[in-house]
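Chemist: Okay, here's the structure, questions in a sec.
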Amino acid sequence: MRRQIVAGNWKMNKTYPEALALVNELATDLQNNPVSNVEVIVAPPFPYLAALSDKKGDAIQLSAQNCHQKDSGAFTGEVSATMLASVGCEYVILGHSERRQYFQEDSMLLEQKLKAALAAGLKPIFCCGESLEQREQEIHFDFVAQQLKDGLFHLSNEEFDKVIIAYEPIWAIGTGRTASSEQAQEMHEFIREQVSRAYDAEAALKTPILYGGSCNAQNAKELFACKDVDGGLIGGAALKSADFLTIIRSFQ
Ligand code: 3PY
């Protein structure tokens, strides 16, 4: 059976006391009612990572939302993968559509960031997904295949082994619109097929593919019931402990 994962992408939200309170609520609940079949990851803003690494407990793993492609140097305002690993971070989200859109991150840059993350011992959560326009033009499969080919499939088998893929249709991010379970399953199956072609059937079978894009406490169960959906990368609903815990417990 594949790993089942629920990761919360907090984006640029919460003050430090609010972040502490949220992690505390999650940790307490997961300690009182452990979930054995789901890996739980939270991705808070950079300033909170070191402290949360001490306070999160064993049931929660920590992710960053981004990293720089270089290891150190004169890059004012940036944070390297090595720094993240040194404060106990285990994952890093790369290629989120907001980074691609607002910070012009392209596949060439993502290739460097992936290498830097892996070299530092971080496991990448690599995001892909099409815009509404691309879906309406019916080029969404080609577009996602290209994103994977250019941004991800340059990794060696050994490197790729560490990767989680997140499919996040841009038209479903922060819009309240969610892909239907059929649309999600269809794309996840397609992504798995691309992994099989680029690597092998075993890699395809093993790679966790998460759904992201307005996944919430109401729709998670239906989405997670899809054969090729191995969990979610959760935006807004990860900011409230009750919702996030419901999503964590949405696997059947
Ligand atoms: C969303 O659901 O809004 C996300 O972007 C998760 O990363």
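Read-outs: derived from the displayed coordinates by stated rules, not from any lab. It should be emphasised that the depicted structure is a prediction, and the values quoted were computed from it without experimental measurement. Note: ideal-geometry Cβ built from the backbone for every residue, glycine included; neighbour counts use all protein chains shown.
Chemist: Under the definition of Cα pairs under 8 Å and six or more residues apart, what whole-number percent is the relative contact order of region 197-252?
Modeler: On the way: 62 pairs, mean separation 20.8, N = 56.
Relative contact order of region 197-252: 37 percent.
Chemist: Among A117, A145, A21, which one shows the biggest mean-square fluctuation in a GNM of the chain, springs joining Cα atoms closer than 10 Å?
Modeler: Answer for the Gaussian network model of the chain: A21.
Chemist: Are there chymotrypsin sites (Phe, Trp or Tyr not before Pro) in region 171-252 that DSSP marks as loop and that have at most 15 other Cβ atoms within 10 Å, and which are they? The partial results should precede the final answer.
Modeler: Values: sites: W171, F190, Y199, Y211, F224, F244, F251; in loops: Y199, F251.
In loop regions of region 171-252 (DSSP not H, G, I, E or B), there are no sparsely surrounded chymotrypsin sites (Phe, Trp or Tyr not before Pro).
Chemist: Calculated from DSSP H runs of 4 or more alone, at -39500 (n - 2.57) each and per residue, what is the 222 nm mean residue ellipticity of the chain, nearest 500? Display every interim value, and only then the final one.
Modeler: Numbers: 12 runs with 107 residues, N = 252.
Helix contribution divided over all residues of the chain: -12000 deg cm²/dmol.
Chemist: Give K113/K227; K14/K123; K162/K221; K115/K206 a once-over and call out the pairs whose C-alpha atoms are over 28 Å from each other.
Modeler: Numbers: K113/K227 30 Å; K14/K123 24 Å; K162/K221 26 Å; K115/K206 21 Å.
Pairs exceeding the cut-off: K113/K227.
Chemist: Nearest 0.05, what FRET efficiency do T15 and K221 give at R0 = 25 Å with Cβ-Cβ as r?
Modeler: Values: r = 31 Å, r/R0 = 1.26.
With a Förster radius of 25 Å, E is 0.20.
Chemist: Okay, moving on. Using Cα positions and a limit of under 14 Å, work out the aspartates and glutamates in reach of K56, with same-chain residues fewer than 8 apart set aside.
Modeler: Correct list for K56: E18, E25, D29, E39, E90.
Chemist: Collect residues whose amide H, placed 1.01 Å from N in the peptide plane, falls under 5 Å from the amide H of V92; neighbours closer than 5 in sequence don't count.
Modeler: A64, K123, I125
Chemist: Right, another one. Residues with amide H under 5 Å of S80's amide H, sequence separation 5 or more or different chain, H placed in the peptide plane at 1.01 Å from N; which?
Modeler: Close amide H contacts, sequence-distant or interchain: H68.
Chemist: May I pose another question? Identify all aspartates and glutamates with a Cα-Cα distance to K11 below 15 Å; exclude those on the same chain that are fewer than 8 residues away in sequence.
Modeler: Counting by Cα, and skipping residues close in sequence, K11 has these aspartates and glutamates nearby: E98, E168.
Chemist: Let me ask something else about it. Suppose every K and R has +1 on its Cβ and every D and E has -1 on its Cβ; what is the size of the dipole of the chain about the Cα centre, in Debye to the nearest 20?
Modeler: 560
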